[in-house]
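The structure appears below as structure tokens.
The values are calculated or read from the model by the stated rules, or taken from the named source; none is laboratory data. What you see is a predicted model, and the numbers here were worked out from it, not measured in a lab. Here the Cβ positions follow ideal geometry from the backbone for every residue, glycine too, while neighbour counts run over all protein chains shown.
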Ligand code: SME
């Protein structure tokens, strides 16, 4: 694995994503344990962008259950169709929420979270296996650019989860 993360100061968010992605790939290539890899991916995202909260929820039966994350403690279980995470799972689509107070049913794990993006990830049968949730303490902090790059990162997570040792 890479021994450190290069984060060039002063780059645009787009350039930060471009600098980050190959480092994420090398960060996980020598390690087979998915939890270890996902924990480091969440740390790398937090370290690069300073997002308020970044983490994974895994589909477990009819609920999402909290996985590796960085940020304040969060709710451990979310039902299908509930909150932004449960809605992204149900709709199987990325959901971008510019103002969480305007999203009906938003689950406020922290009152400091103001905007949010949730990206679903799929197993080999095409079923949602996890969601990647990123929260910001700023309003309207996410754009289509974040969607594109976080969907690429969700694809990398899919590969990590599909790897068997
Ligand atoms: N806000 C999310 C819940 C998870 S936390 O933000 C970490 C939601 O509405 O699904």
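Of note:
- Selected residue [modelled with pLDDT of 95 or more, under 18 Å from residue 145 (Cα atoms) and crowded, with 18+ Cβ neighbours inside 10 Å] from 64, 45, 38: 45
- Residue count for region 43-64, restricted to those that are more than 13 Å from the ligand (Cβ to nearest atom), over 18 Å from residue 28 (Cβ atoms) and in contact (Cβ under 8 Å) with a residue 12 or more places away in the chain: 3
- Test set (1) in contact (Cβ under 8 Å) with a residue 40 or more places away in the chain; (2) over 29 Å from residue 15 (Cα atoms); (3) surrounded by 12 or more Cβ atoms within 10 Å (Cβ to Cβ) - residue 106 fails condition number: (1)
- Scanning region 20-31 for residues that are surrounded by 12 or more Cβ atoms within 10 Å (Cβ to Cβ) and not in a helix (DSSP H, G or I) turns up just one, 31.
- Only a single item in (1) in contact with a strand residue (DSSP E or B) (Cβ under 9 Å, 6 or more places away or on another chain); (2) more than 14 Å from the ligand (Cβ to nearest atom); (3) under 23 Å from residue 145 (Cα atoms) is not met by residue 23, and it is number (1).
- Residue 77 being touching a strand residue (DSSP E or B) at 6+ places or on another chain (Cβ under 6 Å) and exposed (fewer than 15 other Cβ atoms within 10 Å of the Cβ): yes
- Residues in region 8-19 that are in contact with a helix residue (DSSP H, G or I) (Cβ under 7 Å, 6 or more places away or on another chain), surrounded by 15 or more Cβ atoms within 10 Å (Cβ to Cβ) and free of Cβ contacts under 8 Å to residues at least 40 places away in the same chain: 16 only.
- Every residue from region 65-92 that is touching a helix residue (DSSP H, G or I) at 6+ places or on another chain (Cβ under 9 Å) and more than 8 Å from the ligand (Cβ to nearest atom): 67, 68, 70, 79, 80, 81
- Scanning region 1-19 for residues that are closer than 18 Å to residue 142 by Cα and either assigned to a loop (DSSP other than H, G, I, E, B) or at pLDDT below 95 (or both) yields 11, 12.
- The number of residues in region 104-139 being within 7 Å of the ligand (Cβ to nearest atom) and closer than 18 Å to residue 150 by Cβ comes to 5.
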